[in-house]
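Everything below concerns the one structure shown next.
Just so it is clear, none of the values below were taken in a lab; they were calculated from the coordinates. Note that the structure is predicted; figures quoted are calculated from it, not measured. As a convention, Cβ positions derive from the backbone with ideal geometry for all residues, glycine included, and neighbour counts pool all protein chains shown.
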Amino acid sequence: MTKIFRFGVIGCGLMGREFASAAARWLHLADVKARPEIVAVCDTNATLLDWFRDHVPTVRQFTADYKELLANPEVDAVYCAVPHVLHQQFYIDILKAGKHLLGEKPFGMDAAQNREIMAVLAEHPERLVRCSSEMPFFPGAQKVIALAKSGEMGDILEVEAGFLHSSDIDRQKPINWKRMADINGDYGCMGDLGMHVLHVPLRLGWRPTTLHAQLVKKVTERPDGKGGMLPCTTWDNATISSRVRTGDQDFPMVLKTWRIAPGESNTWYIRVLGMKKSTFFSTKSPRQWQWMDYNGGAQAWSTEDLGYGSLFPAITGKIFEFGFADAIQQMWAAFVDELAGGNANGFGCATPAEAQAHHAVLTAALKSGREDVVVPVAYDGASA
């Protein structure tokens with residue numbers, strides 16, 4: 001019998017609906033230990049609640065007050081997808097209510113808020129808590145991760161990871177909360193995209209020790225949707241040049257979180273260059289990954305079409321293509337598998353410790369970008 005975990009969703013916008021879609025298609029997965037069932041939803045926007053009424057028949061509680069959802073004894077776990085400024089209070093209340101949590105990045109609007117969340121989490125070690133980051137679940141990304149773990153790459157020359165959008169190149173795009181520092185946080189684009197970019201490096205043990213960041217703000221105001229203009233108070237783009245030192249490696253790592261990247265719709269990528277092997281994956285070519293072996297002869301990149309070789313097996317034939325909605329479902333499969341006592345098939349969602357470490361990197365990057373200096377990264381006790 002497949003175990004059922006009953007979920008509440010706080011924040012029923014874009015990603016809340018993506019979770020609902022992934023849960024509705026759970027039969028797409030093969031041989032899973034457990035499945036999610038959404039039984040309660042919360043949002044202050046009644047239209048979004050109506051969407052769940054129309055599309056998710058398992059929901060029995062609709063509320064605009066998240067504390068009412070947390071008081072619901074039928075809810076085992078919560079997916080919380082709210083603006084960054086709400087993370088600290090909501091996540092802490094979720095933990096104190098006795099619920100497991102998959103929270104959105106950056107897991108606190110800044111490092112201070114993240115420390116408050118971590119302090120409460122330390123008091124409740126029985127809760128499974130993870131941070132949303134779906135892109136590493138693409139099959140090509142998993143190939144890159146496996147090769148990086150293998151020890152076969154030799155001395156690493158450089159790592160580059162990035163997440164690039166282009167929609168903000170339109171100066172007439174109406175402002176939203178992600179352009180407002182009092183709601184999004186001072187990190188700007190780094191807070192919204194940084195966990196995606198750092199998930200894999202941190203999982204591989206590649207922590208920046210020092211860094212220099214270039215922060216870009218090209219669009220200083222946007223339409224308010226009412227005929228006026230409002231100031232944009234967050235960074236548009238960030239390029240972080242860092243140094244990574246491990247027990248046997250010392251190499252540069254470049255991290256890019258760009259919301260104005262001409263020609264890029266939604267591109268996540270990672271490139272690892274080594275003396276013996278190199279590897280690359282980008283969601284621009286979602287069914288392929290690339291690698292190069294160097295043994296003293298010709299240097300030539302190889303490209304492999306992967307098809308649908310997902311971390312959690314699915315009913316889709318392996319000749320077909322894997323996409324964003326599949327990555328979302330794979331991330332959720334990893335979280336639910338851990339809830340059921342599994343090991344997420346060897347690659348789990350981003351952990352609270354990784355979220356805490358990424359805050360250390362972003363805090364240093366913010367100081368570096370503002371002062372144009374090289375900054376050491378202070379991890380403040382964040383576990384490896």
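Before moving on, here are some points about what is shown:
- J(HN,Hα) series, segment 15-27, from Karplus relation 6.51 cos²θ - 1.76 cosθ + 1.60, nearest Hz, glycine and proline x: 6, x, 6, 4, 4, 4, 5, 4, 5, 5, 9, 4, 5
- Peptides ranked, highest mean first, by Cβ atoms within 10 Å: ranges 5-12, 124-131: 5-12, 124-131
- Remark: spin-label model distance Asn345-Thr316 equals 1.2 nm, labels positioned 7 Å along the Cα→Cβ axis.
- Distances between placed amide hydrogens fall under 5 Å for Gly274 paired with Leu157, Thr279, all partners being 5 or more residues away or on another chain.
- Around His84: net Lys/Arg minus Asp/Glu count, Cβ-Cβ under 11 Å: -3
- Peptides 356-367, 54-65, 92-103 ranked from most to least packed, by the mean per-residue count of other Cβ atoms within 10 Å: 356-367, 92-103, 54-65.
- By the compact-protein rule of thumb, 2.2 N^0.38 Å, the alpha-carbon radius of gyration of segment 209-271 corresponds to a ratio of 1.56.
- Cα principal axis extents for segment 3-131, largest first, Å: 39, 36, 25
- Two-site FRET efficiency, Ala24 against Lys276, from Cβ-Cβ distance with R₀ of 56 Å, rounded to 0.05: 0.80
- DSSP beta bridges in the chain [antiparallel fraction, %, rounded to 5]: 60 percent
- The chain, relative contact order [Cα under 8 Å, separation at least 6], %: 19 percent
- Additional length obtainable on full extension of the chain from Ser150 to Ala64, 0.36 nm per residue less Cα span: 26.1 nm
- Charge dipole of segment 260-384 (Cα centre as origin; +1 on each Lys and Arg Cβ, -1 on each Asp and Glu Cβ, all else neutral): 260 debye, rounded to the nearest 20.
- Proximity of backbone amide H atoms, modeled 1.01 Å from N, is registered between Ile260 and His165 at under 5 Å, excluding neighbours fewer than 5 places apart on the same chain.
- Value of Rg to Rh for the chain (Rh from inverse mean 1/r over Cα pairs, i.e. Kirkwood): 0.96
- Set of lysines near Lys277 by C-alpha distance (under 30 Å), chain-local residues within fewer than 8 positions excluded: Lys143, Lys149, Lys256, Lys318
- Using all pairs of distinct alpha-carbon atoms, the Kirkwood hydrodynamic radius of segment 116-180 works out to 16.8 angstrom.
- Between the residues Trp301, Thr267, Pro286, the greatest Cα displacement towards the positive end of the dipole of segment 265-309, with unit charges on the Cβ of Lys, Arg, Asp and Glu, is found for Thr267.
- Spatially proximal aspartates and glutamates relative to Lys33 (Cα-Cα < 12 Å; intrachain offsets below 8 disregarded): Asp337, Glu338
- Phi angles across segment 170-182 convert, under the Karplus curve 6.51 cos²θ - 1.76 cosθ + 1.60 with θ = phi - 60°, into 3J(HN,Hα) values of 7, 5, 8, 5, x, 5, 9, 4, 6, 9, 10, 4, 6 Hz, Gly and Pro given as x.
- Cα gyration tensor shape of segment 277-384, rounded if a/c is under 1.5, else prolate or oblate by comparing a/b with b/c: oblate
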